[in-house]
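Each remark here refers to the structure printed beneath this line.
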Amino acid sequence: MNNKLLQAIQAEIRKHPGTPILLSDLRVKLFGLSKAVFDAEILALAKSGKYFLTRHFHPASSTEQEKEMMIPDGAGNYYFAINPRGDAELSQNAPKTGRGGSREGAGRPAVKTKIKRVPLQGARVPGWLMDWLKVEGNTGKKIEAALIAHYGLTPPA
């Protein structure tokens, strides 16, 4: 792998985190590298799984000069940008601070009952029934008990 190419990509990532790196800009920075070597190195980076390439959706609309700055894959696709995969950059990110997000113990506690409850949206019930359920409280358990009693359903174990 070409170290100058990797250094140029890392420099762009540090300058503009999260944005695609235009291959035409990289070509200009690495003007001493032949097109064949540059293209092969970029395709190898994509195959490594640490980077992905952004495909041009309509290369026929591009001029020959514009196509020359892109990387063909031999299957009719032309690529114009390279992006680091999210998991490839995790080691460079600062550790999380604060009290939310995906840290252990954050968010709502898991349901302790064996049957997980899910919200029911889009169901239409008569107004009088909804009013009664609101007054009675514990709507989900009331509906569950009524369905079990009426239809003889058995909750999963």
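Numbers at a glance
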| item | result |
| --- | --- |
| Cross-chain or 6+ apart pairs with Cβ under 9 Å, the range 48-77 first and on the phi > 0 side of the Ramachandran plot, then assigned to a helix (DSSP H, G or I) and surrounded by 14 or more Cβ atoms within 10 Å (Cβ to Cβ) | Gly49/Ala88; Gly76/Pro59 |
| Residue within the range 27-35 that is touching a Gly at 6+ places or on another chain (Cβ under 8 Å) and in a loop (DSSP other than H, G, I, E, B) present | no |
| Count of residues meeting criterion [exposed (fewer than 13 other Cβ atoms within 10 Å of the Cβ) and farther than 17 Å from Phe38 by Cβ] in the range 1-23 | 6 |
| Count - residues of the range 45-59 that are surrounded by 13 or more Cβ atoms within 10 Å (Cβ to Cβ) and part of a helix (DSSP H, G or I) | 3 |
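Here is a yes/no grid of residues against (1) modelled with pLDDT of 65 or more; (2) under 30 Å from Ala40 (Cβ atoms):
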| site | (1), (2) |
| --- | --- |
| Ala81 | yes, yes |
| Ala88 | no, yes |
| Ser91 | no, yes |
| Pro119 | yes, no |
| Gly127 | yes, no |
| Ala149 | yes, no |
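The values are calculated or read from the model by the stated rules, or taken from the named source; none is laboratory data. Note that this is a predicted model, so its numbers are computed, not measured. Neighbour counts run over all protein chains shown; Cβ positions are idealised from the backbone, glycine included.
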